[in-house]
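Please read the structure below before turning to the comments.
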Amino acid sequence: MMNKNGPLNGLLVLDLTRVLVGPYCTMVLSDLGARVIKVEAPEVGDDSRSFGPFIKDQSAYFMSLNRGKESIALNLKNEDDKKIFEKILSKADILVENFKPGTLERWGFGYKDTSKKYPKLIYASASGFGQTGPFKSLPAYDMVVQGMGGLMSVTGHPNSEPTRVGTSIGDITAGLFTTIAINAALYDRKKTGKGMHIDVSMLDCQIAILENAIARYLSKGEIPGPLGSRHPSIAPFEAFKTEDSYIIIAAGNDKLFENMCKVLKINLHTDEKFKNNGNRSKNIDDLKKILELKLQTKSTSEWCKIFEENKIPCGPINNIKNAVESPQIAERNMIVSANHNKIGNFKMAGNPIKMSPYEDPSTRGEIPDLDQHRKKILDEFN
């Protein structure tokens, strides 16, 4: 394993998670320096080991989420494996799990029991619906909470079929909120000397990020629908057709709009219909027609150059290839690699957190095979 360097160096994380929400959380903890021991089901391991795409029979999905971790296979219903797990648990600072509520309690490792033995343990549970409430026992995947949390109702275009956000944002946001909570709990433990139980619900996280949509409903009773790329209350703030593709323009205030009009040589900023953001939002369809007539006279790259020179927020709509190969992304070390013993170096997204005292390595340690570190872990904890 790589020599961990980061603010969480010296902390031991016991990772009982599978698929995305938990592994994303523990990957961030690993990137920040923590040692992560991933406990997997014997023979099959993390469910995501069977998710495509595959490289030499290895899941790229799994590899992209589990860099820098150690793997041991344990059956927590088996008495011998329970004893091994207990020995590791006795040394852990943090336990992260994403089972349905009640599962670990049945196996003898619920928070109530473990906190009595290990009062300094930070025990983080990330589940579909949380540890309380009428839905707590229901299974959930990202797609389910995107639908139930209202996010899909404001995604896509008017009158289109329900549209999933392009990435698993239900899982990822819950993973990030869990990571934030763990770091806050570590700070609290320094003051109190005690651990705590962290309860994060994927559905709660979707409600927490509804932003403008929930503000509209709670303040005015409005039930917003999908608007494509358009912002519901800022204009112009969406995608516009150009000569060859589309450009995003985000003129987020009146001054930026005035500057944009001057660059385009159209005096819309003096027109009563468009002179302030409120009026522009009311008349956005008319505004878009006028702007697109002008914008379709040049290519996206030409307009980006012009707008950037005039400090007007804009950008192309990149596909994944163009986004990944951007010189900005390269400069920020956002494509890194980790070693897998069967395929060698595997490329993946890096860590967006840059911290001045610590290196941001372009090589992120090893990706574990199932049960790869069993001997090492048993030798250490026995």
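Residues that are over 17 Å from SER59 (Cα atoms) and out of contact with any Leu (no Cβ under 6 Å at 6 or more places or on another chain) do not occur anywhere in the range 339-348. Remark: PRO7 matches the filter, which requires a residue to be modelled with pLDDT of 95 or more and not assigned by TED's automatic domain parsing to the domain that holds SER127. When GLU105, GLU97, GLU86 are screened for being within 17 Å of LEU14 (Cβ to Cβ), in contact with a helix residue (DSSP H, G or I) (Cβ under 7 Å, 6 or more places away or on another chain) and either in contact (Cβ under 8 Å) with a residue 24 or more places away in the chain or not aliphatic (A, V, I, L, M) (or both), only GLU97 passes. Filter the range 57-88 down to the residues that are of a type in the set (D, E, K, R) and out of contact with any strand residue (DSSP E or B) (no Cβ under 6 Å at 6 or more places or on another chain) and list them by number. Result: ASP57, LYS77, GLU79, ASP80, ASP81, LYS82, LYS83, GLU86, LYS87.
For the range 10-29, the criterion of being out of contact with any helix residue (DSSP H, G or I) (no Cβ under 9 Å at 6 or more places or on another chain) and touching a residue at least 40 places away in the same chain (Cβ under 8 Å) is met by none of the residues.
In summary, ASN339 fulfils each of the numbered conditions (1) in contact with a helix residue (DSSP H, G or I) (Cβ under 8 Å, 6 or more places away or on another chain); (2) modelled with pLDDT of 95 or more; (3) under 25 Å from SER30 (Cβ atoms) with the single exception of condition (1).
Hey, can you tell me all the residues within the range 168-206 that are over 18 Å from GLY133 (Cβ atoms) and either among the acidic types (Asp, Glu) or assigned to a strand (DSSP E or B) (or both)? ASP171, ASP188, MET196 - these are the residues of the range 168-206 that are over 18 Å from GLY133 (Cβ atoms) and either among the acidic types (Asp, Glu) or assigned to a strand (DSSP E or B) (or both).
Screening the range 66-144 for helices (runs of 4 or more DSSP H) wholly inside it with 1 or more residues that are over 22 Å from the mean Cα position of the chain (by Cα), assigned by TED's automatic domain parsing to the domain that holds ARG164 and aromatic (Phe, Trp, Tyr) returns the ranges 79-89, 111-117. Exactly one residue out of SER281, SER299, SER326, SER337 is over 31 Å from the mean Cα position of the chain (by Cα) and hydroxyl-bearing (Ser, Thr, Tyr), and it is SER299.
Filter the range 343-372 for residues that are closer than 30 Å to LYS87 by Cα, at pLDDT 95 or above and either in contact with a Lys or Arg (Cβ under 9 Å, 6 or more places away or on another chain) or hydroxyl-bearing (Ser, Thr, Tyr) (or both) and give the result. Lay out the reasoning, then the answer.
Filtering the range 343-372 for residues closer than 30 Å to LYS87 by Cα gives 364-372.
From the residues that got through so far, the ones that are at pLDDT 95 or above too are 366-372.
Those that are closer than 30 Å to LYS87 by Cα, at pLDDT 95 or above and either in contact with a Lys or Arg (Cβ under 9 Å, 6 or more places away or on another chain) or hydroxyl-bearing (Ser, Thr, Tyr) (or both): GLU366, ILE367, PRO368, ASP369, LEU370.
Of all the criteria given as (1) out of contact with any helix residue (DSSP H, G or I) (no Cβ under 6 Å at 6 or more places or on another chain); (2) at pLDDT 95 or above, the one not satisfied by ILE247 is (1).
Candidates are the residues of the range 129-154 that are more than 15 Å from ILE207 (Cβ to Cβ) and touching a Pro at 6+ places or on another chain (Cβ under 7 Å); the one that is surrounded by the fewest Cβ atoms within 10 Å (Cβ to Cβ) is SER137.
Determine, yes or no, whether ASP188 is among the charged types (D, E, K, R) and buried (at least 19 other Cβ atoms within 10 Å of the Cβ). Steps first, please.
Values: among the charged types (D, E, K, R): yes; buried (at least 19 other Cβ atoms within 10 Å of the Cβ): no.
So ASP188 fails the test.
Yes or no: the range 291-310 includes at least one residue that is free of Cβ contacts under 8 Å to residues at least 40 places away in the same chain, at positive phi and surrounded by fewer than 14 Cβ atoms within 10 Å (Cβ to Cβ). Looking for residues that are free of Cβ contacts under 8 Å to residues at least 40 places away in the same chain, at positive phi and surrounded by fewer than 14 Cβ atoms within 10 Å (Cβ to Cβ), one finds none in the range 291-310, hence no.
Residues are listed down the side, and each one gets a yes or a no for (1) farther than 30 Å from ASN253 by Cβ; (2) in contact with a strand residue (DSSP E or B) (Cβ under 9 Å, 6 or more places away or on another chain); (3) β-branched (Val, Ile, Thr); (4) not assigned by TED's automatic domain parsing to the domain that holds SER59:
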| residue | (1), (2), (3), (4) |
| --- | --- |
| LYS282 | no, no, no, yes |
| ILE290 | no, no, yes, yes |
| THR300 | no, yes, yes, yes |
| ILE312 | no, yes, yes, yes |
| PRO352 | no, no, no, no |
| MET355 | yes, no, no, no |
| THR363 | yes, yes, yes, no |
| ILE367 | yes, yes, yes, no |
| LYS375 | yes, no, no, no |
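PHE346 satisfies every condition listed in (1) under 30 Å from LEU29 (Cβ atoms); (2) out of contact with any His (no Cβ under 7 Å at 6 or more places or on another chain); (3) surrounded by 11 or more Cβ atoms within 10 Å (Cβ to Cβ) except (2).
The values are calculated or read from the model by the stated rules, or taken from the named source; none is laboratory data. Predicted, not measured: the structure shown is a model, and the values here were computed from it. Quick reminder, even Gly has a Cβ in these numbers, built from the backbone with ideal geometry, and neighbours come from all protein chains shown.
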